[in-house]
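Presented below is the structure to which this report refers.
The values are calculated or read from the model by the stated rules, or taken from the named source; none is laboratory data. This structure is a prediction, so every number in the text was calculated from the model and none was measured. Positions of Cβ are backbone-derived with ideal geometry, glycine not excepted, and every protein chain shown enters the neighbour counts. Surface accessibility is based on the protein's heavy atoms, side chains included, excluding ligands, DNA and RNA. Shrake-Rupley method; radii C 1.70, N 1.55, O 1.52, S 1.80 Å.
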Amino acid sequence: NFIEKNTVGINISPLITKLEHEKGLVVENVKKLIYYILENTDMNVALIPHVVWQHNDDRVPLREIWECFKNSERITMIEDTNAMELKGYIARCRFMIAARTHASIAAYSQQVPTLVLGYSVKAKGIAKDLFGDDNGYVLAVQNLKKDDDLLQSFNWLVENEEKILEWYEKRMPEYKGIGEKSYQEILEKF
């Protein structure tokens with residue numbers, strides 16, 4: 001059920017569900033988004049856990065969502081696997097919705113248009129570094145008020161897909177070059 005470059009990857013974490021204003025609002029937003037995707041697009045959906053530690057397991061909220069859609073032939077639940085394989089799944093997505101910082105970084109580095117469902121200044125800072133702005137790229141979980149807030153943000157991502165891909169093409173080599181230069185400077189000091 002994973003269609004390369006036509007799948008929306010979704011990662012949510014137990015942490016963001018603890019920061020929501022209204023219990024269950026994150027999961028309801030994700031469900032509404034998935035219903036919309038399945039009813040209005042030809043894209044598939046992959047639920048992608050990124051952290052599976054005891055007491056901090058992304059599979060817990062993702063399984064709750066999976067239960068609602070498990071009979072659909074257009075949704076898949078990625079099981080726990082190593083970091084390289086997770087990044088491989090994320091790289092093959094058309095869009096990524098990510099709560100985990102490292103899931104968003106994996107998507108950014110593979111030039112996948114990404115919406116971060118964030119909770120801290122870290123998500124906004126990374127988006128500002130990469131895009132010059134966090135508007136449209138980060139939806140603070142604390143700002144979720146209605147069950148379609150995530151859907152509205154996702155629609156912005158879809159509407160701006162070409163612009164985002166062009167920006168990646170222009171900016172990513174420079175951005176990666178900064179990282180490589182820093183890496184070389186560190187090596188020279190040791």
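Computed quantities for the displayed model
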| quantity | calculated |
| --- | --- |
| Odd one out for V116, checked against (1) loosely packed, with under 14 Cβ neighbours inside 10 Å; (2) in contact with a Ser or Thr (Cβ under 8 Å, 6 or more places away or on another chain); (3) aliphatic (A, V, I, L, M) | (1) |
| From E73, E64, residue being under 23 Å from R94 (Cα atoms), open to solvent by 30 Å² or more (accessible area, probe 1.4 Å), over 16 Å from the mean Cα position of the chain (by Cα) and acidic (D, E) | E73 |
| H55 vs. criteria at positive phi, of a type outside the set (S, T, Y) and either at pLDDT below 90 or open to solvent by less than 20 Å² (accessible area, probe 1.4 Å) (or both) | yes |
| Filter pass, L130 being open to solvent by less than 10 Å² (accessible area, probe 1.4 Å) and either out of contact with any helix residue (DSSP H, G or I) (no Cβ under 6 Å at 6 or more places or on another chain) or part of a helix (DSSP H, G or I) (or both) | yes |
| Flag if I3 is open to solvent by 40 Å² or more (accessible area, probe 1.4 Å) and in contact (Cβ under 8 Å) with a residue 12 or more places away in the chain | yes |
| Pair list, Cβ under 9 Å, 6 or more apart: the stretch 60-85 residue more than 18 Å from A99 (Cβ to Cβ), other residue exposed (fewer than 12 other Cβ atoms within 10 Å of the Cβ) | R74/D42 |
| Selected residue [more than 13 Å from the chain's Cα centre (by Cα), under 26 Å from E85 (Cα atoms) and open to solvent by less than 80 Å² (accessible area, probe 1.4 Å)] from I37, I10, I48 | I37 |
| Complete set of residues in the stretch 159-186 that are open to solvent by less than 50 Å² (accessible area, probe 1.4 Å), part of a helix (DSSP H, G or I) and within 30 Å of Y36 (Cα to Cα) | E161, I164, Y168 |
| The one condition in (1) open to solvent by less than 50 Å² (accessible area, probe 1.4 Å); (2) free of Cβ contacts under 8 Å to residues at least 12 places away in the same chain that K18 fails to fulfil | (1) |
| Subset of the stretch 108-127 [more than 15 Å from E166 (Cα to Cα) and in a helix (DSSP H, G or I)] | V121, K122, A123, K124, G125, I126, A127 |
| Odd one out for R92 among (1) of a type outside the set (A, V, I, L, M, F, W, C); (2) crowded, with 18+ Cβ neighbours inside 10 Å; (3) within 21 Å of I3 (Cα to Cα) | (2) |
